[in-house]
Amino acid sequence: MTTATARISRPGRNAAKPSRDSRSRERALAWARRAPLLPALIFLIIVTQLPFVVTLIISFLNWNSLSPDKTAFAGLENYATVLTDPDLRQAIFTTILLTVSVVLASLVIGLGLALLLDKKFIGRGLARTLLIAPFLVVPVAAALIWKHALLNPTYGLINGILTWVWALFGGDTAPQLDLLSQAPMMAVIVSLVWQWTPFMMLILLAGLQSRPMDTVEAAQMDGATPWAIFRHLTLPHLRQYLELGGLLGAIYIVQNFDAVFTLTAGGLGTANLPYAIYQTFYFANEYGLASAAGVVVVIGTIIVATFALRTVFSLFKKEAAR
Amino acid sequence: MSTLTPAAPRKSGHARSTSRASSTTGPLRHGKSRMDPTRNNTAAGIAAWLLALLFAAPVMWMILTSFHSETDAATNPPSIAANLTLDAYREFFGETSGVSPWPSLINSATASILSTVLVLVLAIPAAYALSIRPVKKWTDVMFFFLSTKMMPVVAAILPLYLFARTVGALDNIWFLILMYTSMNLPIAVWMMRSFLAEVPVEMLEAAQIDGANLLLTLRKIIAPVAMPGIAATALICFIFSWNELLLARVLTGVVAGTAPVFLTGFVSGQGLFLAKVCAAAVVISLPVLFAGFAAQDKLVQGLSLGAVK
């Protein structure tokens, strides 16, 4: 009932003929309501919107800080470079691949874990806590652990376990993986899926626990198979939670910098757009080009965000209606 | 809400099972097991525990390795039962190298705590104006806040860097604090609004009728409901600031460098240093692990911006 709250916030609206006095009082009241909001709003506009406008302007300039005297208006040249330069095109592709694969994999695994944790079993609380742990390791630290302690080809844990298991069965030439140099993209994806699965699990678990149990019980009484209940009751209910988790995850993973920076330093085709932009302005000093690439990221994000906002809005409307 | 359409209503009214629906354990869930809910849960429990241990294994390995000597840490197959030692921690805190991580840890703490305080100071009044005494079109304002969060940091970082360089705010912790405040403010506003929306309207109206002034209402009615929410918001903002790398890497250097920036010193290998890396990762992750587990109950609500309870 948003309208109800809105109506309360408009006192005197139904009065037949508001006098000038009451109208100015109404205005003062409205400003009194707005006052607590303004500091946050103004601060955010200055710190986030203003810089983006500047980025937009720089993106149309030919500006390399190493040769500042050559700075000139470049039109859409930078944008053409972003879309044709093989490295930056690769970065766009990498960003999409990374985001889609990490989000999908962590959603699927997160759903499985949430379904398991939705049941009662011994030590459920502790198992949940253990499952959250990956999300609570500082991202740079997590990437370092994956790089050095788990994936390292000579003394990493994964190869160590392979050697150990092979030795257990009498073999002495265990296969050894070197994900970091043979499939670096896979290394980045695996480490990010490990970190983001708990996030998806938490959101989906909350969704499962808000499921109306009476319909499920009725279905069970009618002898519906667990699969039928999952397919026709649980999954439709979870849909908006899946969407929410996927889209929030996508917004964070599109921006990922830590894992790419730490695990592969953007080498071997793993540089995503945030990393490529960082390189372009921090090391290559190509300010115009970096800004154009930044604008491209924003456009991509807006496309994802439109869907995200719609999903959040549908949940939000339900809550606001209460 | 959703109407029930059982796909295959076999022997209706028969064999009522108390177990809840799921498909993950496959064949076990069909036939006989449906009569025996305890067995179902045992299977699910075992599966859940195995997966939980698998997911936690890297964390546990990180902690175990941090207590091993460098030579025991770098073996293949792994030496799980090697002697425990604090050497790696001594090394991390600069016993031989003389490079102390303390300045970066203090910088991280300063940036995270002060930005969190600033966020709360700005977000709580804003959330009040969006829930308890809402402004007109408050939903539009909410979505404006959210949309700023969706803009990637990389799209604004160059102007911020140039601005900081021009005014001499580069490598200054205060500039980083302002950045972290803007980074977390939208999340905090959304979270705080969802917590403040839980304040019962009837109680607010009753207080108004009884002539309670704003301060009394805030203290007696709003604060008790909002306090756990404020705590959870603070913990989540703290975590995000503590974890942040890109802004810190670009905007700080030797003076104001934070713990994640310090950690990037370990990106390339340096001989036998695995235990030291693990010790570093443990030390720097500890505050986040504590904050996260402390906020566990409200973590979902926070991470989903209050959309999920």
Legend entry - Dipole magnitude (debye, nearest 20) for the protein assembly as shown, charges at Cβ of Lys, Arg, Asp, Glu: 2960
Legend entry - Shielding by partners, peptide B:216-228 (average Cβ within 10 angstrom, other chains): 0
Legend entry - Top positive-direction residue, dipole computed over chain A with Cβ charges, set A:177, A:301, A:45: A:45
Legend entry - Derived scalar couplings ³J(HN,Hα) [segment B:227-238; Karplus, 6.51 cos²θ - 1.76 cosθ + 1.60; whole Hz; x for Gly, Pro]: 3, x, x, 4, 4, 5, 4, 4, 5, 5, 4, 4
Legend entry - Taking only Cα atoms of the protein assembly as shown, radius of gyration then Dmax in Å: 26.8, 95
Inset, instruction - Select from B:158, B:232, B:98 the residue farthest towards the positive end of the dipole of chain B; place +1 on Cβ of Lys and Arg, -1 on Cβ of Asp and Glu, and compute about the Cα centre. - result: B:232
Legend entry - Dipole moment magnitude, nearest 20 debye, segment B:102-304 about Cα centre, only Lys, Arg, Asp, Glu C-beta charged: 280
Inset, instruction - With +1 on each Lys and Arg Cβ and -1 on each Asp and Glu Cβ, and nothing else charged, work out how big the dipole of segment B:130-193 is about its Cα centre, in Debye to the nearest 20. - result: 320
Inset, instruction - Name the most mobile residue of B:207, B:43, B:234, meaning the one with the largest mean-square fluctuation, in a Gaussian network model of chain B with Cα contacts below 10 Å. - result: B:43
Legend entry - Relative pair counts by distance (%), Cα atoms of chain A, 20 Å bins: 22, 44, 29, 5, 0
Legend entry - For residues of A:248-256, the mean tally of beta carbons on other chains within 10 Å: 3
Legend entry - Centre separation in Å (Cα based) which lies between segment B:135-154 and segment B:265-309: 28
Inset, instruction - Give the distance, in whole Å, between the Cα centre of segment B:104-126 and the Cα centre of segment A:82-115. - result: 32
Legend entry - Violating pairs (Cα-Cα greater than 30 angstrom) within the set B:149/B:298; A:119/B:137; B:136/B:220; B:137/B:298: A:119/B:137
Inset, instruction - Tell me which residues come under 5 Å, amide H to amide H, from residue A:222 once H is placed; ignore anything under 5 positions away on its chain. - result: B:13
Inset, instruction - May I ask you to sort A:173, B:116, A:306 by Cβ crowding, counting other Cβ atoms within 10 Å and putting the fewest first? - result: A:173, A:306, B:116
Legend entry - Part-to-part distance (alpha-carbon centres) for segment A:240-316 and segment A:167-230, which is given in Å: 24
Inset, instruction - Please give the calculated 222 nm ellipticity per residue for the protein assembly as shown, where each DSSP H segment of at least 4 residues contributes -39500 (n - 2.57) and the sum is spread over every residue; nearest 500 deg cm²/dmol? - result: -20500 deg cm²/dmol
Inset, instruction - Scan around residue A:61 for amide H atoms under 5 Å from its own, H built in the peptide plane at 1.01 Å from N, and keep only partners 5 or more places away or cross-chain. - result: A:74
Inset, instruction - Could you give the DSSP H helices of chain A that reach 15 angstrom or more along their long axis (alpha carbon positions) and whose average Kyte-Doolittle hydropathy is no lower than 1.0? - result: A:86-117, A:157-168, A:184-209, A:287-320
Inset, instruction - Please average, across the residues of A:28-41, the number of beta carbons from any other chain that are within 10 Å of each residue's own beta carbon, and give a whole number. - result: 6
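Since every read-out is calculated from the coordinates, none of them should be taken as a lab result. All of these numbers come straight from a predicted model, not from anything done at the bench. Note that each Cβ is placed from the backbone with ideal geometry, even for glycine, and that neighbours are counted across all protein chains shown.
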